[in-house]
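Read-outs: derived from the displayed coordinates by stated rules, not from any lab. Everything numeric here is computed off the predicted structure, so don't read it as measured data. With ideal geometry, Cβ positions are generated from the backbone for all residues, glycine too; neighbour counts draw on all protein chains shown.
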Amino acid sequence: MNFSEWLSNKILTKKEYSKKYAGYLEGWVSIVGNLTLFLFKYFAGLSLGSISLIADAFHSLADVFTSVVVILGFKLGSKPADKEHPYGHGRIEQIATLIIALLLLVVAYDLVRSSFERLMNPHRVEFNLGVFVLLIISAIFKEWMASFSIYLGKRFDASPLIADAWHHRSDAIATLLVTIGLLGSKLGFYRLDGILGVLVSLLIAWVGVDLLKSATSFLIGEAPSGDLVKKIDDIIVNTPGVLNYHDLSVHDYQNEKYITLHIEVDNNLTVKEAHDLALKVQDEIKSKIENSQVTVHIDPKGERED
């Protein structure tokens, strides 16, 4: 048992804990960790005069806001359906993610401008061995946070947690770039700090654009993933009496998936037999795919509903 598994098992002890509570746990661990890293990197960057370290600090701060979005998304998205929102509130998380993505792009623009100014007017960045060692430790810590988020995301089938893991991983990469910049400054390559500041800023921008694309794509309506289609296909082909299926449709509302499909059955089945077969497929899919609502239509073999 690794530390991520031990920690989650220690806190999420009750069986009724769902992915909402996993989201809370990951979010608060990320907020405390990233806020600590931001304060350390920012003041270390000011004391050393390193623009890339300051850029990296704001990268960590951006991850704090992202983790707040994760918590709010799981909290508000778990609200039950109501008259105005019959499919629930799960997509709130994606709307908030769009806002954070835009804020990330603003931060990236401001930091890349500062980095270009440093390139035009380079100056020496003081090398501090203590700060250098702590940066290496922070990069390792961020990689652990990434693995922790991925573990919870896979355990509770929560894709937002896996997405948040890549924020942690990109921050770990950015921190390693900053340590290279500090070494370069010690060796007399003063422009390296500005160059790496640009690279860190571009990394932040890349994360922002990636968030923007994924959230927008989800809200527009994405096709079901290959893994989900394969899972449904395996259920259907292993159900005796189902000859084929078609018109599979999946509408994902974050906290619930609405799945509809047509199955082809033998013409000689009675209405009750065909209906029972449809219910069997429906129940099997619901048992294998968490938070799914399933509707199965019946088509006698050789016929098809328009």
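Radius of gyration over Kirkwood radius for the chain, both on Cα atoms: the Rg/Rh ratio is 1.13. Between the Cα long axis of helix 271-288 and the first principal axis of the chain there is an angle of about 20°, rounded to the nearest 10. Sorting ILE195, ILE259 by the number of Cβ atoms found within 10 Å of their own Cβ, with the fewest placed first, yields ILE195, ILE259.
So, by mean Cβ neighbours within 10 angstrom, what's the order for 232-241, 182-191 with the highest one leading?
182-191, 232-241
Applying both filters, DSSP loop and at most 16 other Cβ atoms within 10 Å, to the GluC sites (Glu not before Pro) of region 83-126 gives GLU84, GLU126. Determine the relative contact order of the chain: mean sequence separation of Cα pairs under 8 Å and six or more apart, normalised by residue count, in whole percent. Relative contact order comes out at 18 percent.
Before rounding to the nearest 500, sum -39500 (n - 2.57) across all DSSP H runs of length at least 4 in the chain and divide by the residue total; then give [θ] at 222 nm in deg cm²/dmol.
So the calculated ellipticity at 222 nm is -24000 deg cm²/dmol.
Tell me, in nm to one decimal, what length is gained between SER225 and PHE116 on full extension, where the rule is 0.36 nm per residue of separation less the Cα-Cα distance? Before the final figure, lay out the partial values.
Working: separation 109, 0.36 × 109 = 39.24 nm, distance 4.09 nm.
Extra length from SER225 to PHE116 when fully extended: 35.1 nm.
Within a Cβ distance under 15 Å of LYS142, other residues only, what is the Lys/Arg minus Asp/Glu net charge? Local charge sum for LYS142: -4. Within the shell defined by Cβ-Cβ distances under 13 Å, the residues around LYS280 carry a net charge of -1, with Lys and Arg each +1 and Asp and Glu each -1. Of LYS41/LYS186; LYS20/LYS288; LYS83/LYS231; LYS257/LYS280; LYS20/LYS213, which pairs sit farther than 29 Å apart, going by alpha carbon to alpha carbon? The pairs that break the limit, which is 29 Å between Cα atoms, are LYS83/LYS231. Could you check what % of the DSSP bridge pairs in the chain are antiparallel, to the nearest 5? The antiparallel fraction comes to roughly 45 percent.
With a cut-off of 15 Å between beta carbons, the residues surrounding ASP233 carry a summed charge of -2, where Lys and Arg count +1 and Asp and Glu -1. When +1 charges are put on Lys and Arg Cβ atoms and -1 charges on Asp and Glu Cβ atoms, the dipole computed for region 226-300 relative to its Cα centre reaches about 120 debye.
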